[in-house]
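S.K.: Before I ask anything, here is the structure I am working with.
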């Protein structure tokens, strides 16, 4: 037994989202009364006014992946409530009376008190991991049997995956000096003065772990405010991510020059209007596949990143147009969320295919239970 995860259902009505339409439903039916006397009968008309409620259900409620090898994708999980196996998807259904126009997710992740990769990996402590941080969810499948979604890895995204830095550097003269963590010697980056118009004074290196593939990234601090958030200035942190992943057969893209040529890495653009004081939200320019529509939120202390696809509640994401919804009634450009202009009607449901992307270097045993929450408005 390796991974276990709780599933929660929540309903939220946000005033900044589309107003939920109220709906009144009248049911009219007739029944025969008990016969009062032979040859006579009477009718009673009955009606009901249904309350306006927004409710959503996700099934199953508690799942577990068994005997997963590090570096592997696992599609089949066990429903712990029914003890049935070989499940591959969640079913998300509108069980309320209101039309739902937007659906999104939250996922738990390792505690923010762990500020570096080495605080989790290499410790052997199962309690420091969070299963939900390894779960990928597909784009919405209306039919429940769309092989173009189910069987395409590029249709699966992490909800709000957190990755902590492996190494943190500051300026020492005109070069970088390692101050925290362990260096990855074969990852290359430019001198501090080469980044941005004013140079940079902090740089961190990490990787996004996606089963057997590890995509190296470099995060460079805001050169004016000396952090990796944005507080309204004109300078923003920069984020670089490799295109070719590191794995057992390939070292991957490891060169992150200040002027990324988009043949070996993708570079961020600023999205300062969507940022908050504790992080900046960045778009990856011209990304493809896994990075085509993923938002990158940076930790203010430059010690980590959030790769966000289906979470609208992460700080800085809320203003990001209609992206990061799993289902939305308004198209986003670009965006992976399913556009359903009529919304999800009461009783209607969608399928979310799921895969566990377990990275290398995870110790044997049962990992900390994580929680995925589905929200609707």
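The values are calculated or read from the model by the stated rules, or taken from the named source; none is laboratory data. Just so you know, these numbers come straight off a predicted model, no measurement behind them. Reconstructed Cβ throughout: ideal geometry from the backbone, glycine too, with neighbour counts over all protein chains shown.
S.K.: What tally of residues in segment 324-346 results from selecting those that are surrounded by fewer than 16 Cβ atoms within 10 Å (Cβ to Cβ) and at pLDDT below 65?
M.R.: Total satisfying the criteria: 3.
S.K.: Return a yes/no flag: does segment 207-215 have any residue that is in contact (Cβ under 8 Å) with a residue 60 or more places away in the chain, over 19 Å from residue 242 (Cα atoms) and buried (at least 22 other Cβ atoms within 10 Å of the Cβ).
M.R.: Checking segment 207-215: not a single residue is in contact (Cβ under 8 Å) with a residue 60 or more places away in the chain, over 19 Å from residue 242 (Cα atoms) and buried (at least 22 other Cβ atoms within 10 Å of the Cβ).
S.K.: If I ask for residues that are free of Cβ contacts under 8 Å to residues at least 60 places away in the same chain and under 30 Å from residue 247 (Cβ atoms), which ones from segment 69-105 would you list?
M.R.: 76, 78, 85, 86, 87
S.K.: Shifting gears a bit: Kindly indicate whether any position in segment 106-116 is closer than 19 Å to residue 74 by Cβ, at pLDDT 95 or above and assigned to a strand (DSSP E or B).
M.R.: Scanning segment 106-116, I find at least one residue that is closer than 19 Å to residue 74 by Cβ, at pLDDT 95 or above and assigned to a strand (DSSP E or B), so the answer is yes.
S.K.: Looking at segment 36-52 only, could you name the residues that are out of contact with any strand residue (DSSP E or B) (no Cβ under 7 Å at 6 or more places or on another chain) and at pLDDT below 95?
M.R.: 36, 37, 38, 39, 40, 42
S.K.: Looking at residue 133, is it in contact with a strand residue (DSSP E or B) (Cβ under 9 Å, 6 or more places away or on another chain) and in a strand (DSSP E or B)?
M.R.: no
S.K.: Additional query: Could you check how many residues of segment 349-367 are part of a loop (DSSP other than H, G, I, E, B) and within 21 Å of residue 87 (Cβ to Cβ)?
M.R.: Selection size over segment 349-367: 2.
S.K.: Working carefully through the options 140, 107, 167, 132, find the one that is over 23 Å from the mean Cα position of the chain (by Cα), crowded, with 19+ Cβ neighbours inside 10 Å and within 29 Å of residue 304 (Cα to Cα).
M.R.: After ruling out the rest, the residue left standing is 167.
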